Amino acid sequence: MTEPHGLKPVATFCGNCDCGCPQLFVDPQAPAERRVVLTDDFGQRVQMSADQFSSLIDDAKQGRLDGVALA
């Protein structure tokens, strides 16, 4: 999958197909509050700060998001 203009790829989630898997990017040109970008396979995107993303990672590490995968 081609990266959106100016975004630096960090991770691809799935990656086992060519269907436009969700991806994580850093946008070095964006304001700090919108620098982390998560895209989905429907063409949508979420932008957040590094602090917000760090909080999400902390929650995942502590198991707080485990139920979401089972939904």
- What relative contact order, as a whole-number percentage, does the chain give when Cα pairs under 8 Å and 6 or more residues apart are counted? 19 percent
- Message: Using protein chains only and a probe of 1.4 angstrom, how many square angstrom of Leu56 are accessible, to the nearest 10?
- Response: 70 Å²
- Positive end of the charge dipole of the chain (Lys, Arg +1 and Asp, Glu -1 on Cβ, about the Cα centre): tell me which of Gly67, Val46, Cys14 has its Cα farthest that way. Val46
- Message: Can you compute log10 of I(q)/I(0) for the chain with the Debye formula, treating each Cα as one identical point scatterer, at q = 0.11 Å⁻¹?
- Response: -0.30
- Query: Between His5 and Glu33, how many nm apart are label points set 7 Å from Cα along the C-beta direction?
  - Reply: 2.4 nm
- For Asp41 the rounded accessible area (nearest 10 Å², probe 1.4 Å, non-protein molecules ignored) is 70 Å²
- Simple SL model, points at 7 angstrom along Cα→Cβ for Cys19 and Lys61; separation in nm is 3.2 nm
- Task: Order the following by accessible area, largest value first: Asp59, Asp27. Probe radius 1.4 Å; ligands, DNA and RNA are ignored.
- Result: Asp59, Asp27
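The values are calculated or read from the model by the stated rules, or taken from the named source; none is laboratory data. A quick note: this is a predicted structure, and the numbers were derived from the prediction, not measured. Every residue, glycine among them, receives a Cβ derived from its backbone with ideal geometry; neighbour counts consider all protein chains shown. Surface accessibility is based on the protein's heavy atoms, side chains included, excluding ligands, DNA and RNA. Shrake-Rupley method; radii C 1.70, N 1.55, O 1.52, S 1.80 Å.
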